[in-house]
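The values are calculated or read from the model by the stated rules, or taken from the named source; none is laboratory data. None of the values given here were measured: they were computed from a predicted structure. Methodologically, a virtual Cβ is constructed for each residue, glycine included, from the backbone with ideal geometry; neighbour enumeration extends over all protein chains shown. Side chains are part of the model used for accessible areas, which takes the heavy atoms of the whole protein and leaves out ligands, DNA and RNA. Shrake-Rupley method; radii C 1.70, N 1.55, O 1.52, S 1.80 Å.
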Amino acid sequence: MSGKKVFVVFGATGAQGGSVAEALLADGTFAVRAVTRDTSKPAAVKLKEAGAEVVSADLEDEKSLEAALSGAYGAFVVTNFWEHFIKEKEIKQGKRIADVSKRLGLQIMVFSGLENVKRLTGGKLEVLHFDGKGEVEEYLRQIGVPTVSVRLPGYYENFLTFFRPQKNKDGDGYSLAVPMGEVLWDGFSVKDLGGVVVGILKSPSEYVGKDIGLSTDKLTVAQYAAILSSVTGKDIKDAKVTLKQYANFGFPGAQELASMFEFYQMIPDRDVALTLKLNPKAKNFQQWIEANKEAFKDL
């Protein structure tokens, strides 16, 4: 490992950080320092076995962040709104790591960001889990941390959880309840994020200062349903649910997700060509479904 620049990956046992750590280890250009709160987790042990230096740090603890970032060339940073549902907490965490990164002179930060919807819409719409990340993006630029913001769209993996097709009460068919109407909805597999970050780090000067909207497909809900149907053999249709209906579904975060879909209907910038330039192996939805059809066999 000696002689390699150190690249730090936060959230290394989560979906985004895990993908980044794995891709960097496979690429071999950098010495990977994987950050997690619990170094005894099976995923952390696996990273250590794969050659990463695994360290413990917490976005709430500045000293632990300083230790994790000490001597590093750069870092991948992800914050997690869904852990606490508090925008202000996410902003504080992001600003804390931004300040430490500036102080330590990091040469690049790849930040998992999103748009500040409240600012972009003049306060008409708030999407808390976007807005907090958007404020952190702005702060990173303001204090002069060399930053590339990668903005992920909906994960294809969410079709296995949040957006899993639901069996119709009156019949054999299934419904896909996503309130996008006829508007094209961007998608991306979170497992392909690592390849994107590796691509950015091959040409950092080309991307520092940019916001990169990721996507490997732009499809209507009906088109997503048709691809799901063709691969799984199940009859899956667009439920044609409205934003208002979705907001009233009653699960934790329903209103938050409805606001997100309202913003998605404004068609934010997500760039398929650039995503594939950075990671030529990134899967489109058809390829992802075919690779993961076993996960849908119990529909």
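Structure above, values below:
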{"quantity": "Accessible surface of the chain [probe 1.4 Å, protein heavy atoms]: carbon and sulfur percent", "calculated": "51"}
{"quantity": "Relative contact order for the stretch 100-231, counting Cα pairs under 8 Å that sit 6 or more residues apart, in percent", "calculated": "26"}
{"quantity": "GNM result for the chain, Cα springs below 10 Å: residue of Asp235, Asp58, Asp172 fluctuating most strongly", "calculated": "Asp172"}
{"quantity": "Cross-link pairs beyond the 25 Å C-alpha cut-off, checked among Lys87/Lys210; Lys46/Lys87; Lys41/Lys277; Lys202/Lys281; Lys87/Lys281; Lys167/Lys297", "calculated": "Lys46/Lys87; Lys41/Lys277; Lys87/Lys281"}
{"quantity": "Integer Hz, Karplus 6.51/-1.76/1.60 couplings in order for the stretch 184-194, x for Gly and Pro", "calculated": "5, 10, 6, x, 6, 8, 4, 5, 8, 5, x"}
{"quantity": "Contact order normalised by residue count of the chain, Cα under 8 Å, 6+ apart, percent", "calculated": "16"}
{"quantity": "Correct choice for Cα Rg over 2.2 N^0.38 Å that was computed from the model, options (i) 1.09; (ii) 1.01; (iii) 1.24", "calculated": "(ii)"}
{"quantity": "Cα Rg, Dmax, the stretch 25-135, angstrom units", "calculated": "15.5, 49"}
{"quantity": "Environment charge at Leu65 (Cβ cut-off 11 Å; Lys +1, Arg +1, Asp -1, Glu -1)", "calculated": "-3"}
{"quantity": "Protection proxy ranking of 148-159, 217-228, 261-272 - average other beta-carbon atoms within 10 Å, highest first", "calculated": "148-159, 217-228, 261-272"}
{"quantity": "Net charge of Cβ neighbours under 12 Å - reference Lys48; Lys, Arg +1; Asp, Glu -1", "calculated": "+1"}
{"quantity": "Neighbour net charge for Leu201 - beta-carbon separation under 15 angstrom, K R +1, D E -1", "calculated": "+3"}
{"quantity": "Rounded to the nearest 20 debye, dipole of the stretch 163-299 from Cβ charges on Lys, Arg, Asp, Glu", "calculated": "240"}
